[in-house]
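Notes follow the structure.
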Protein chains: 2
Amino acid sequence: MRRRSNRAAYDRATIAAILDEALFCHVGFSVENQPYVIPTIHARDGDHLILHGAAASRMLRIGSEGVPLCVTVTLLDGLVLARSAFHHSMNYRSVVILGTAREIVEREARIAAMRTLVEHVAPGRWAEVRPPSDEELVATRILTLPIAEASAKVRSGPPVDAEADYALGVWAGELPLRLEPARPIRDPRLDAAIQLPEYLANYRRP
Amino acid sequence: MRRRSNRAAYDRATIAAILDEALFCHVGFSVENQPYVIPTIHARDGDHLILHGAAASRMLRIGSEGVPLCVTVTLLDGLVLARSAFHHSMNYRSVVILGTAREIVEREARIAAMRTLVEHVAPGRWAEVRPPSDEELVATRILTLPIAEASAKVRSGPPVDAEADYALGVWAGELPLRLEPARPIRDPRLDAAIQLPEYLANYRRP
């Protein structure tokens, strides 16, 4: 993925759409100059990104201490097959957010953040499931990161070949790739009378 | 994605399979304690990971200077829908590699690395396309990173609910997600007589 300036987009709507479609992000932080990059679930709440996980998570503990973070979200849209090895690429949409996070400590705000996370993954789910208990709230750390220093990069469309290469007899174009749901797998302990909800039967990212 | 110790796997075969299936990785590096996480294509060459891109890329220039890197690869396998908000999760496979890279400078080794990258994305492609020119080789920086300090994490299977929650009347289970190819899109300038190659018509990750 060659990063050309014309692939950079900075408008808020593009950034929000990428964050909302993606199911997970990668969180980068450094400890004594060693970077770590950890995959985790995120959700957007307006102009903030919410991260969460086990209270014992090193990533979340360090993230709560105000150190610089980098959160990157990448959606792969397809392969770009050029006539030369050099001009091969991928179509993708990515967002990079730099900033420092703070921990959400207030009880109602924490429950609201957990709701935002569940609804990000499966809209409609929160109303059906058991909400967090006090013990579960204690076991969870939740961070909020401003989506302020953020940029998006997008590549789309066909390959851009060297002019002389268009005469070559090799197939060129795009192979789109999409994250598609397969048939849901019922929990082995699920009561046979419980039907698959519509929001899972027709699951689709925004 | 709560990171429990029983999700950690360290065998080389697991790590290699995740790296080989994934089409891209996220490279983490730090500049004055600010981490950056950049998506890019990778390929595995035995016990090394190959990264490449424009010679002007900051990530590759910094990576070539022997600074600590973290390369993370994540494959999302599905949603894990539990009966409580708290026990929701995702099924995934991820690899984290820590280490320092070095630049590949020798011409034949650089061409071999580019071949490995193209064949990682689309096996069979290298033999059909125009190989890199001298100018293209100069414009490309290629790094190699030992897959030595590496670990994998894998979550699979149904939700693990609190025992009392199994009596709740909410659907629970897995929604598998797969990266699926859609119909290839021909380059608008492609000669109508050129047929789609078999390795794209039946594209599938290993």
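Data for the structure
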{"read-out": "Failed item, numbered, when B:Ala101 is tested on (1) touching a Gly at 6+ places or on another chain (Cβ under 7 Å); (2) surrounded by fewer than 22 Cβ atoms within 10 Å (Cβ to Cβ)", "value": "(2)"}
{"read-out": "Hits in region B:160-195 - residues which are part of a loop (DSSP other than H, G, I, E, B), among the acidic types (Asp, Glu) and free of Cβ contacts under 8 Å to residues at least 60 places away in the same chain", "value": "B:Asp187, B:Asp191"}
{"read-out": "Qualifying residue in region B:35-43 (condition: part of a strand (DSSP E or B), in contact (Cβ under 8 Å) with a residue 24 or more places away in the chain, farther than 21 Å from A:Ser30 by Cα and more than 11 Å from chain A (Cβ to nearest Cβ))", "value": "yes"}
{"read-out": "Members of region B:74-90 that are buried (at least 22 other Cβ atoms within 10 Å of the Cβ) and more than 9 Å from every other protein chain (Cβ to nearest Cβ)", "value": "B:Val80"}
{"read-out": "Unmet requirement for B:Asp45, which otherwise passes all of (1) closer than 28 Å to A:Gly53 by Cβ; (2) modelled with pLDDT of 95 or more; (3) touching a helix residue (DSSP H, G or I) at 6+ places or on another chain (Cβ under 9 Å)", "value": "(1)"}
{"read-out": "Any hit, region A:146-169, residues being aliphatic (A, V, I, L, M), within 11 Å of chain B (Cβ to nearest Cβ) and under 30 Å from A:Pro197 (Cα atoms)", "value": "no"}
{"read-out": "Test: residue in region B:97-107 that is among the β-branched types (Val, Ile, Thr), more than 9 Å from chain A (Cβ to nearest Cβ), within 17 Å of the chain's Cα centre (by Cα) and within 30 Å of A:Asp191 (Cα to Cα)", "value": "no"}
{"read-out": "Among the residues listed as B:Ala56, B:Ala113, B:Ala101, B:Ala82, the single one being of a type in the set (A, V, I, L, M) and modelled with pLDDT under 95", "value": "B:Ala56"}
{"read-out": "Residue within region A:144-156 that is acidic (Asp, Glu), free of Cβ contacts under 8 Å to residues at least 60 places away in the same chain and part of a loop (DSSP other than H, G, I, E, B) present", "value": "no"}
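The values are calculated or read from the model by the stated rules, or taken from the named source; none is laboratory data. Just so it is clear, the structure is predicted and the values come from calculations on it, not from any experiment. Cβ: placed from backbone, ideal geometry, glycine included. Neighbour counts: every protein chain shown.
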